[in-house]
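The values are calculated or read from the model by the stated rules, or taken from the named source; none is laboratory data. Given the structure is predicted, the values throughout are model-derived calculations rather than measurements. Every residue, glycine among them, receives a Cβ derived from its backbone with ideal geometry; neighbour counts consider all protein chains shown. Note: areas computed on protein heavy atoms with side chains; ligands, DNA, RNA excluded. Shrake-Rupley method; radii C 1.70, N 1.55, O 1.52, S 1.80 Å.
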Amino acid sequence: MVLCPECDAEIDVDEGDVDEGDSLSCDECGADLKVTSLSPLELESEDDLEDEEEEDSFKADDDEDEDEDEEDEDWK
């Protein structure tokens, strides 16, 4: 048994039937969830995961911009 990270409803999941990365949905609120850990069993909202991925891509873009700025300074 695990709790929905969106509405705290109990979700009955047989830990032997899921793998990390599997998608589930909450019967109570309809949230799309992803299994992020098996021991202990943890779920995260797919919306939250997408937000984190976007933040990571912005950080990567910023890092690339900084690298380009450093390269420009090296040429001066």
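Report, by residue number, each residue of region 16-30 that is within 12 Å of Glu42 (Cβ to Cβ) and either of a type in the set (S, T, N, Q) or in contact with a Leu (Cβ under 6 Å, 6 or more places away or on another chain) (or both).
Answer for region 16-30, where residues must be within 12 Å of Glu42 (Cβ to Cβ) and either of a type in the set (S, T, N, Q) or in contact with a Leu (Cβ under 6 Å, 6 or more places away or on another chain) (or both): Glu20, Leu24.
I need every pair where a residue in region 38-58 that is open to solvent by 80 Å² or more (accessible area, probe 1.4 Å) has its Cβ under 7 Å from the Cβ of a residue that is hydroxyl-bearing (Ser, Thr, Tyr) and at pLDDT 90 or above, sequence separation at least 6 or different chains.
From region 38-58, the pairs are Glu42/Thr36.
Can you tell me which residue is most open to solvent (accessible area, probe 1.4 Å) among those in region 11-32 that are touching a residue at least 24 places away in the same chain (Cβ under 8 Å) and within 14 Å of Met1 (Cβ to Cβ)? Working first, answer last.
Pass one, region 11-32, residues touching a residue at least 24 places away in the same chain (Cβ under 8 Å): 11, 13, 15, 28-29, 31.
Within this subset, residues satisfying the condition of being within 14 Å of Met1 (Cβ to Cβ) are 11, 13, 15, 28.
Working: Ile11: 20, Val13: 18, Glu15: 97, Glu28: 143 Å².
Ranking the qualifying residues of region 11-32, first place goes to Glu28.
What is the residue count in region 1-42 for residues that are under 14 Å from the mean Cα position of the chain (by Cα) and not hydrophobic (A, V, I, L, M, F, W, C)? Please lay out each step first, then the result.
As a first pass, look at region 1-42 and keep what is under 14 Å from the mean Cα position of the chain (by Cα): 5-6, 20-24, 31-37, 42.
Subsequent filtering for residues that are not hydrophobic (A, V, I, L, M, F, W, C) retains 5-6, 20-23, 32, 34, 36-37, 42.
Number satisfying all stated conditions: 11.
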